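See structure below.
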Amino acid sequence: MNTESASDPHAVALLFSGGRDSTLAAVRLWRGGHHVKLMGFEGGFGYGASFRQLRVQEVSDLVPPDKYAFKTLKIHGLVRRICLVGLVEDILEDRYQLLLLGEFLAMMVATIRFCHNEGITRIASGATAYQDFYPEQGAVSTAFIQDLCAKYQIHYERPVSDCVDSEAVKEELLIAGYSSKSLEGSTLLADICDSVPDTSIASFLTRKEAVLNSLIDGDGLNDYCNLRPDGGR
């Protein structure tokens with residue numbers, strides 16, 4: 001465990017895409033005096049991550065270097081295990097494909113393990129009220145993630161959950177000195193995901209819980225998720 005991080009109660013690991021919502025979440029955390037670990041991910045269903053570097057450059061211009069660090073976690077093995085192993089069974093059971101929710105779970109597993117190793121007790125995301133129709137941002141998933149994190153003495157929070165429309169997010173970013181553009185990549189699954197009922201989301205999460213705990217607890221986690229040697233900065 002990293003004793004430097006363990007001694008800092010203000011350290012927060014933020015799932016960071018470079019988009020508007022996660023950037024505003026970072027801004028609000030900095031206003032609260034927190035040291036923010038900006039967590040990026042490689043190996044999921046996304047592409048175009050180079051856009052995120054534009055946001056990272058903005059951060060480096062506006063935020064003191066002792067207030068943030070950027071980390072990249074590789075999640076390709078986690079995505080394979082959570083999303084693709086058993087995919088046919090998942091779809092037959094739920095009648096929907098929940099690959100993006102599975103990818104989010106992979107990000108959470110990687111981040112929880114990172115926080116455990118670094119002594120960080122808080123994880124945040126850029127989930128908002130105006131996007132709670134996405135399975136990973138809705139009430140069912142939020143409650144599940146809060147419980148999952150709590151098992152490992154980690155508090156899960158959503159600093160921008162009060163945001164009800166994108167225009168307010170853009171305005172707050174502009175006032176803080178950031179671009180209002182969504183400087184994030186896209187996903188291979190864009191525009192092909194249906195609205196999913198809460199019952200199917202809950203069923204999917206319940207089935208995945210055991211494997212998530214195993215991946216977080218298991219000694220073999222490094223087979224699925226590794227930090228980049230350069231730390232991702």
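The values are calculated or read from the model by the stated rules, or taken from the named source; none is laboratory data. Keep in mind that this is a model prediction, so the values were computed, not measured. Ideal geometry is used to build each Cβ from the backbone, glycine not excepted, and the neighbour counts take in all protein chains shown.
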Quiz prompt | Total residues in segment 25-55, condition over 23 Å from residue 112 (Cβ atoms) and either in a helix (DSSP H, G or I) or of a type in the set (Val, Ile, Thr) (or both) | solution = 7
Quiz item: Residues 20, 28, 52: which one is in contact (Cβ under 8 Å) with a residue 12 or more places away in the chain, farther than 30 Å from residue 199 by Cα and either touching a Cys at 6+ places or on another chain (Cβ under 7 Å) or crowded, with 22+ Cβ neighbours inside 10 Å (or both)?
Solution: 52
Practice problem: Consider residue 70 carefully, then state whether it is in contact with an Asp or Glu (Cβ under 8 Å, 6 or more places away or on another chain) and not aliphatic (A, V, I, L, M). | Solution: no
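Which one of these is of a type in the set (Ser, Thr, Tyr), assigned to a helix (DSSP H, G or I), over 16 Å from the mean Cα position of the chain (by Cα) and modelled with pLDDT of 90 or more: 22, 60?
The match here is 60.
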Quiz prompt | Any chance residue 86 is more than 30 Å from residue 34 (Cβ to Cβ) and either small (Gly, Ala, Ser) or at pLDDT 95 or above (or both) | solution = yes
Quiz item: Which of (1) under 25 Å from residue 53 (Cα atoms); (2) within 14 Å of the chain's Cα centre (by Cα) is the odd one out, the single condition residue 146 does not satisfy?
Solution: (1)
